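For reference, the structure is listed below as structure tokens.
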Amino acid sequence: MKKLFTCCVLGVMTLGASAQKTVQGSYFFDNWSIGLVGGGITPATHSPFWKNMRGNAGLEITKQITPVFGLGVQGTTAVNITDSRTALDAVNVSLLGNFNLMNLFGGYNGRPRVFEIEAVAGAGWAHSFYDHSYDYNNFTTKYGLNLNFNVGQKKAWTLALKPAIVWNMENDGVHERSYPRYNVNNAAIELMAGVTYHFKNRSNGEHYFTLQKAYDQAEIDGLNCRINEMRGQISEKDGQLNRANDKVRMLEQQLKECRNRKPVIEQVEVTKTNQTMESVITFRQGKSTVDASQLPNVERVATYMRNHPEAKVTIKGYASPEGSVDVNARIAASRAEAVKTILVQKYRIDKDRITAEGQGVGDMFSEPDWNRVSICTLDGTK
């Protein structure tokens, strides 16, 4: 039966070593840990359990090969409670395999559980200290459990309860010492607790295995093509952004120059004949509002009409050739009405002395932009 148990342990070890292929953190320098253990050990039979328990402490170093299987070395020493010459009467160094049952049967989700159970099995070498003539070495085996509590946000520390049974495989019979065997009379019960620190992994920056997604080559090639396309799009967008930034800087510079430029007041163009005079008010493209720079031209018309109560004015609005005929006709009429409104409301000129007409597209000037005007023709000589 015990041989069957040993074979099962070896089978689980093989299964654990070949499982969990989709994890990160499986390099040689990943998932190492060091721990301190302490507690007591007592003979399994023919002895009071608690009365003959003696202190037992040690150090263990473990390499977790997969989330299921780990391999470690544990060294322990027992406190002497007999009358022999040494303070420590036995040491035991064991090579132990740890099998995480939670991950084996429940799967690994990429992060250690708060509570986990490990099965422990292994073999070792023990040395007992008596008088010089009685010191002897033994081949030992150990089977037990680790009841682990993984603590901390980073899961770097583990607190554990570690019950186990240790067999001295050397037989007491004279004719039976040629082969080892399990004998409960040569076994001891260990009850220990431990604290373990898990070193940070170089590969993933964590203190444990992390899951990684498995990709096939076709998927990787598709992702690479997509990345290259996105890089091309980013490069094109960068070019567009640079051109837009250049235009913004140019416009900002032009705006700055416009703000620093002194207002230019256009001289009133007055054509005087025997009976008529003209004053020109210019407009911006698509606008029918009189700019502040053009108000002096309107004011001159108003001043003349105040000084000559008999004078009348005809205001003709024009538009440049951009846009449709209907739009240009409407803008031309609005420009004539805008000048009339200022004369009536601001300068109190009688509206009966003012005629405002829209003339559509103007052709007085060779430059199309110059035809965005209202021309005030004064008739004041009789």
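The values are calculated or read from the model by the stated rules, or taken from the named source; none is laboratory data. Keep in mind the model is a prediction, meaning the values are calculated, not measured. As a convention, Cβ positions derive from the backbone with ideal geometry for all residues, glycine included, and neighbour counts pool all protein chains shown.
Brief remarks on what is shown
Residue by residue, here is whether (1) within 14 Å of Met277 (Cα to Cα); (2) among the β-branched types (Val, Ile, Thr); (3) more than 60 Å from the chain's Cα centre (by Cα) holds:
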site: Lys312; (1), (2), (3): yes, no, yes
site: Tyr318; (1), (2), (3): no, no, yes
site: Val327; (1), (2), (3): no, yes, no
site: Asp363; (1), (2), (3): no, no, yes
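- Residues that are of a type in the set (Lys, Arg) and modelled with pLDDT of 95 or more within the range 74-112 are absent altogether.
A quick yes/no check of all residues on (1) in a helix (DSSP H, G or I); (2) assigned by TED's automatic domain parsing to the domain that holds Gly362; (3) farther than 15 Å from Val373 by Cβ:
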site	(1), (2), (3)
Val298	yes, yes, no
Met305	yes, yes, yes
Glu310	no, yes, yes
Lys316	no, yes, no
Asp326	yes, yes, yes
Arg330	yes, yes, yes
Arg335	yes, yes, no
Leu343	yes, yes, yes
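- As for the range 320-328, it holds at least one residue that is within 14 Å of Phe283 (Cβ to Cβ) and surrounded by 20 or more Cβ atoms within 10 Å (Cβ to Cβ).
- Boolean, Phe115 is among the aromatic types (Phe, Trp, Tyr), over 21 Å from Thr45 (Cα atoms), modelled with pLDDT of 95 or more and loosely packed, with under 15 Cβ neighbours inside 10 Å: yes
- Among the numbered conditions (1) more than 17 Å from Val298 (Cα to Cα); (2) over 60 Å from the mean Cα position of the chain (by Cα); (3) free of Cβ contacts under 8 Å to residues at least 40 places away in the same chain, the only one that Glu367 does not meet is (2).
- Selection count where residues are at pLDDT below 85 and either assigned to a helix (DSSP H, G or I) or aromatic (Phe, Trp, Tyr) (or both), scope the range 1-57: 17
- Enumeration of residues in the range 202-246 that are exposed (fewer than 10 other Cβ atoms within 10 Å of the Cβ), farther than 30 Å from Arg113 by Cα and either touching a Lys or Arg at 6+ places or on another chain (Cβ under 6 Å) or basic (Lys, Arg) (or both): none
- Residue in the range 266-286 that is touching a helix residue (DSSP H, G or I) at 6+ places or on another chain (Cβ under 7 Å), modelled with pLDDT of 90 or more, part of a helix (DSSP H, G or I) and of a type in the set (A, V, I, L, M, F, W, C) present: no
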